[in-house]
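The values are calculated or read from the model by the stated rules, or taken from the named source; none is laboratory data. Everything numeric in this text was worked out from a predicted model, so none of it was measured. Note that we place each Cβ from the backbone using ideal geometry, even for glycine, and neighbour counts take in every protein chain shown. These accessible areas exclude ligands, DNA and RNA; they are computed on the full protein's heavy atoms, side chains included. Shrake-Rupley method; radii C 1.70, N 1.55, O 1.52, S 1.80 Å.
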Amino acid sequence: SMAAMPVMHPGIGYPSEPLDRENYAHLEHNGVKLVSSDPVSTFSIDVDSGSYANIRRMLNEGRLPPQDAVRIEEMINYFSYDYKTPNNLKQPYSVTAEVAPAPWSSEKKLLHIGIKGYEIDRSQLPASNLVFLVDVSGSMFSSNKLPLLKSALKMLSSQLSAKDRISLVVYAGASGVVLEPTPGNQTARISSALNALQAGGTTNGAAGIRLAYAMAEQGFIKGGINRVILATDGDFNVGTTNFESLINLVEQKRKSGISLTTLGFGGGNYNDHLMEQLADRGNGNYAYIDTINEARKVLVDEVGSTLMTIAKDVKIQIEFNPEVVSEYRLIGYENRMLKREDFNNDRIDAGEIGAGHTVTALYEITLKGDKGLIDPLRYGVSRTGTSKTGISKTGAARTSAGELAFLRLRYKQPDAEKSQLIESPLHRRMIKKSISKASNNFRFSAAVATFGELLRGGSYAQNIDYDAVVKLVRHSKG
């Protein structure tokens, strides 16, 4: 597909709007859950940031994004927060938690969970074997696609040294190797290979992905960073366009220790759904590049977290205490939900944390006695005797009356198959009386979440508007 036609005067035979074929997975909001019947919430972390940069593009174009383009967790995790940094790689991340009133309702509280990955200086990163897989089909012709992509990849390659390897694979109607694995300090050679890229032809993504992984296997560095970086508008229209078989291909390849980063470009035919899912299944991350500044953020400033995985298959599980919390709702993470039994099953895939990454999750909670959204049951469980778990009410409840919830995290070291567990109780005494007493981290993430809720139709944020969000952000920028 060629770049969109210019917008001509309506009535000269051109449509006044270019055809919009952008593809977003449909997301249903996470619902409100009753702690009495559903006390445990389990999900995979997510470090993608693509949704935020993509909706920023649309807002800058002067239009509201479709609701399905708005993934609130990616908006929150686009920003990095000032959490305590762990001091060694033995436990590769630290965890902080905080509770304060929600900005949209004094009846509701927000539970904020922050995770921070161990930071590694650029000079300490292990040797990298990077394969750039670049879409050079006709739809990549416009200035915010291939030219921006070349600049972005030059930025990344300029940080590599002699110990690193870089290769370049292109795909359009046919796939080909433009650059065999080359030492990272041969800048002129890498630059001229990137300069020579030109758009034209239709897209066969699957053949390109296979070839890129073959190159990554050829240049494999044991103990190093081995990663395919796929740069495209995601408009795969030739060859294996079947969504599931592309996903399966990437899933098989991650077992070989090669991960996948997807970088999305452009609009009009942009396939966000595919880009996000490929990265999730390929043990990687997904970013959307709308400007040269975004390229610098992802590929220079945050290059450690973009490239180097320090913990994989990171899962979060929270059990709420029914004596203290009556209802909860996880904000965002709709397509990262896990079944309760998945938490302890090490064969179930989850998200990765990169060096220096921060991951933030927010729960909206209603404390017992405050007004929730769900009416109590007429035929509920009696308050005496045993609870539904069959455990006598007295023991656990008495010792945990001061606990709000119990937090469990599972993760694997990058080269391990067996997970490790971190557990910690969250205490009632950590609840702050007002949001002004909360940290900048808390208030800023709450503002971003509110912004996301409003963009998704505002059904959970009825008592607040964009002006109030701006005010909250202004006072919590840090």
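Here is how the numbers come out for the structure above:
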item: Above-threshold pairs, the threshold being 21 Å between Cα atoms, out of K150/K477; K116/K163; K437/K471; K116/K154; K339/K418; result: K150/K477; K116/K163; K116/K154
item: Full-stretch length increase - D301, R122 - with 0.36 nm per residue and alpha-carbon distance subtracted; result: 63.5 nm
item: Whether segment 286-385 is rounded, prolate or oblate, judged on the alpha carbon gyration tensor where a/c under 1.5 counts as rounded; result: prolate
item: Solvent-accessible area of H427 with every protein chain in place, 1.4 Å probe, in Å² to the nearest 10; result: 60 Å²
item: Gain on full stretching of the segment that runs from S143 to E251 - 0.36 nm per residue minus C-alpha separation; result: 35.7 nm
item: Inter-centroid distance (Cα atoms) of segment 75-126 relative to segment 162-196, Å; result: 36 Å
item: Ranking by accessible area, most exposed first, for D415, D313, D346 with a 1.4 Å probe; result: D415, D346, D313
item: Environment charge at I247 (Cβ cut-off 12 Å; Lys +1, Arg +1, Asp -1, Glu -1); result: -2
item: Protection-proxy order for peptides 367-379, 440-452, 120-132, each taking the mean of Cβ atoms within 10 Å per residue, highest first; result: 440-452, 120-132, 367-379
item: Gyration tensor (alpha-carbon) shape descriptor, segment 275-338, a/c threshold 1.5; result: prolate
item: Accessible area in the full protein assembly, largest first, 1.4 Å probe, for R189, R281, R57, R347; result: R347, R189, R281, R57
item: Estimated FRET transfer efficiency when R0 is 51 angstrom, pair Q198-L377 (beta carbons, to 0.05); result: 0.20
item: Förster radius 35 Å - calculated FRET efficiency between R21 and M155, Cβ distance, rounded to 0.05; result: 0.75
item: Accessible area (Å², per residue) of segment 94-176, counting only protein heavy atoms and a probe of 1.4 Å; result: 29 Å²
item: The chain - Kirkwood radius from inverse mean 1/r over Cα pairs (Å); result: 23.7 Å
item: DSSP-defined antiparallel bridges as percent of all bridges, the chain, nearest 5; result: 70 percent
item: Computed FRET value (nearest 0.05) for L64 with N293, which takes r as the C-beta separation and R₀ as 25 Å; result: 0.65
item: Along each principal axis, Cα extent of segment 104-143, largest first, Å; result: 53, 36, 14
item: Additional length obtainable on full extension of the chain from K90 to K433, 0.36 nm per residue less Cα span; result: 119.9 nm
item: Over the chain: helical MRE at 222 nm, DSSP H runs n ≥ 4 each giving -39500 (n - 2.57), nearest 500; result: -7000 deg cm²/dmol
